[in-house]
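**Q** Below are the structure tokens for one structure; questions will follow.
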Amino acid sequence: MNRLELIQALMRQKGLRNYLEIGVENGRIFFRVQSKFKVAVDPHFMFDTGRKIGKTILNPYNVYNQYFEKTSDDFFTQDADHVFAGRKLDLALVDGMHEYHYALRDVENTLRYLSNDGVIIMHDCNPQSAQAAGRFDDWKEGVWNGDVWRSVIHLRSQRPDLNVFVLDCDHGLGIITKRKPADPVLGTPISFTPTQIQALTYDEFDANRTNWLNLKSEDFAKAFFGL
Ligand SMILES: C[S@@+](CC[C@H](N)C(=O)[O-])C[C@H]1O[C@@H](n2cnc3c(N)ncnc32)[C@H](O)[C@@H]1O
């Protein structure tokens, strides 16, 4: 299952509609989502008006799109209250700057607008090499997932009000939902401080990834969401 298939399944089976994507790039996912309320945030969109028109012919829902060509921090400071006034967000793909504190801020800001049954999907949570898992400044070539994995460890450690797990597919799809009183506790609890999380090495992460990420199979997601 990739992120688009999960988004489409959640929309189809759970009736989730209002969609936010942070980090859109060329819109390969964004333009295919079928919703009358879609918000795109990226400081450098990699598409022009011609592509927008072409994608609207292919998927007429794109006529309703709202575009914010700015950082997610600026979007949440300047626009989000207005954009989400009187309307809750159902589904968000957090896929912007792939560094611990950026991704964490994106999730925390998104949570302010998320409905009680809403779902946040955070991409690139399960890197497979030290180079893929590091900071952007240190990255040289190949896949770069960044250290979004630290954001998952942070949320699992610091936010008992949330369900947090990672699907073992598509570079690791982090799933974040608001925990309801009847929800089961997912996975073995962990309790790292932000300072400890920042100091974790890739080798430590690699040796503990299943537990720290609360890594789950696609079948788990299907059962969890009733897909
Ligand atoms: C991996 S791409 C997103 C891919 C897209 N979501 C997809 O699924 O195909 C990451 C994007 O994040 C954007 N980005 C970088 N820093 C950002 C920030 N501070 N706020 C929002 N987006 C950011 C980049 O411009 C880039 O287009």
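The values are calculated or read from the model by the stated rules, or taken from the named source; none is laboratory data. These figures come from a predicted structure and were not determined experimentally. Using ideal geometry, Cβ is built from the backbone for each residue, glycine included, and neighbour counts are taken over all protein chains shown. For accessibility, only protein heavy atoms count, side chains too; no ligands or nucleic acids. Shrake-Rupley method; radii C 1.70, N 1.55, O 1.52, S 1.80 Å.
**Q** For the chain, with every protein chain kept in place, what is the accessible area per residue (1.4 Å probe, Å²)?
**A** 47 Å²
**Q** Let me ask another. For the chain, what's the radius of gyration and Dmax over Cα atoms, in angstrom?
**A** Cα-based Rg and Dmax for the chain come out at 17.0, 49 Å.
**Q** Restricting to the chain, compute how many DSSP beta bridges are antiparallel as a %, nearest 5.
**A** Numbers: 10 of 28 bridges.
So the antiparallel bridges in the chain amount to around 35 percent.
**Q** Evaluate the relative contact order of the chain (contact order divided by residue number), counting alpha-carbon pairs under 8 angstrom at least 6 apart; express in whole percent.
**A** This gives 17 percent for the chain.
**Q** Give me the count of lysine pairs in region 3-225 whose alpha carbons sit under 23 angstrom apart, restricted to pairs 8 or more positions apart or on different chains.
**A** Close lysine pairs under the 23 Å cut-off: 25.
**Q** To the nearest µm²/s, what D does Stokes-Einstein give for region 1-109 at 10 °C and 1.306 mPa s, using the Kirkwood radius over alpha carbon pairs as Rh?
**A** Answer from the Stokes-Einstein relation: 112 µm²/s.
**Q** Please report the accessible area of E108 (heavy atoms, 1.4 Å probe, ligands and nucleic acids excluded) in Å², nearest 10.
**A** We get 70 Å² for E108.
**Q** Find the Cα radius of gyration of region 123-172, compare it with 2.2 N^0.38 Å by division, and give the number to two decimals.
**A** Numbers: Rg = 11.8 Å, N = 50, 2.2 N^0.38 = 9.7 Å.
This ratio for region 123-172 stands at 1.21.
**Q** Tell me, what % of the accessible area of the chain is carbon and sulfur with a 1.4 angstrom probe?
**A** That fraction is 50 percent.
**Q** Let me ask you something else. So which trypsin sites (Lys or Arg not before Pro) in region 73-124 pass both tests, a DSSP loop state and at most 14 other Cβ atoms within 10 Å of the Cβ?
**A** Answer by residue number: R87, K88, R112.
**Q** What value in Å³ per residue do you get for the convex hull of the alpha-carbon atoms in region 32-166?
**A** Spread over its residues, the Cα hull of region 32-166 gives 135 Å³ apiece.
**Q** Kindly rank 165-173, 139-147, 29-37 from highest to lowest mean number of other beta carbons found within 10 Å of each residue.
**A** Highest mean packing first, the order is 165-173, 29-37, 139-147.
**Q** Just subtract the alpha-carbon distance of Y64 and Q78 from 0.36 nm times their residue separation and send over the number in nm, one decimal.
**A** On the way: separation 14, 0.36 × 14 = 5.04 nm, distance 2.04 nm.
That works out to 3.0 nm of additional length.
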